[in-house]
Amino acid sequence: MTITCLDLEGVLVPEIWIAFSEASGIPELRRTTRDEPDYDKLMKFRLDILEKKGLGLKEIQDVIATIDPLPGAKEFLDELRSVCQTIILSDTFSQFAAPLMKKLGMPTIFCNELVVAPDGKITGYKMRCEKSKLTTVKALQSIGYDTIASGDSFNDLGMIQASKAGFLFRSTEQIKKDYPQYPAFEEYADLLAAIKKAL
C-alpha cells in the first residue's frame, strides 16, 4: 500500500508568490522556499512587505485566479491517481490553493491556513503541524502506508528523505548538486515512469 506525496508549487502549478511578485511589481516577493530554507522567516518577510504596501488576501487571490496548472500537470496527476493514491503536501494556504485544486480535478491537498482580518489584511498564518510534509509522511507510514515523495525545494527534502523512494522535480541546480542521491527529473513522463517503477 503506497501513497505518493507531491509538492504543489513548482511541481504542478507555478509559484504563487512569484506570480504575485510579477503582477504587483514587488521583486522582493520572488523569494520562495527554493531560496530560503527557513519557512517561518520567509513568511514573516512576505507579510511585512504586504503590510507596508497595503496589500491583502484579495489582491493575491485576484492573481491566483489567473494562474493555470503547469502544462501537462493535470494529465500527469490524472494518470498518477489512476495507479496509486496521491496526496499533495504543500506549505501554501487553503485560501490560495482552493481555485487551483478545481483546475487540477480536486485532488486531496494538505496545506496551511492564513489568518485574515475582516478587512482582508493577512495578519498571520497557522501551520497545520511542525515540519508538515515530513510529519505527514511519517504519520502515513505509522498507519501502514509506504510513501513515495517528489518536490523541488528545501522544504520537500524531509519527505523525500523519509520515503521509500524520493525524486526531485524541476529543482534548482544547487539542490540537485547537494542531493545527488535523489534522481532529478524535468519532465512529467519521466517522473511518472520513476514513480510507477517504485510502486
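For the set Ser94, Ser163, the ranking by accessible area, highest first and with no ligand, DNA or RNA atoms included, is Ser94, Ser163 under a 1.4 Å probe. Which percent of the accessible area of the chain is formed by carbon and sulfur heavy atoms (probe 1.4 angstrom)? Using a 1.4 Å probe with all protein chains present, the chain comes out at 53 percent carbon and sulfur.
Each Lys and Arg Cβ is given +1 and each Asp and Glu Cβ -1; about its Cα centre, the stretch 60-149 then shows a dipole of about 220 debye.
For trypsin sites (Lys or Arg not before Pro), no site in the stretch 85-159 is both called loop by DSSP and has at most 13 other Cβ atoms within 10 Å. Normalised by the number of residues in the stretch 58-192, the average gap of Cα pairs under 8 Å and 6 or more apart makes the relative contact order 16 percent.
Once the GluC sites (Glu not before Pro) in DSSP loops with at most 14 neighbouring Cβ atoms within 10 Å are cut out of the chain, the longest remaining piece is 1-129. Quick one: in the chain, what % of C-alpha pairs are over 28 Å apart? Of all Cα-Cα distances in the chain, 23 percent exceed 28 Å.
Estimated from the Cβ-Cβ distance and a Förster radius of 45 angstrom, the FRET efficiency linking Lys177 and Ala23 is about 0.90.
Rounded to the nearest 20, the size of the Cβ-charge dipole of the chain about its Cα centre is 400 debye, with Lys and Arg at +1 and Asp and Glu at -1.
For the chain, DSSP calls about 15 percent of its internal beta bridges antiparallel. Summed over the residues of the chain and divided among them, the accessible surface reaches 48 Å² per residue at a probe radius of 1.4 Å. Compared with the direct C-alpha span, the chain from Phe45 to Thr108 gains 19.8 nm at full extension, assuming 0.36 nm per residue.
The values are calculated or read from the model by the stated rules, or taken from the named source; none is laboratory data. Please read these numbers as outputs of a predicted model, since none were measured by experiment. As a convention, Cβ positions derive from the backbone with ideal geometry for all residues, glycine included, and neighbour counts pool all protein chains shown. These area figures cover heavy atoms from the full protein model, side chains too; ligands, DNA and RNA do not enter into them. Shrake-Rupley method; radii C 1.70, N 1.55, O 1.52, S 1.80 Å.
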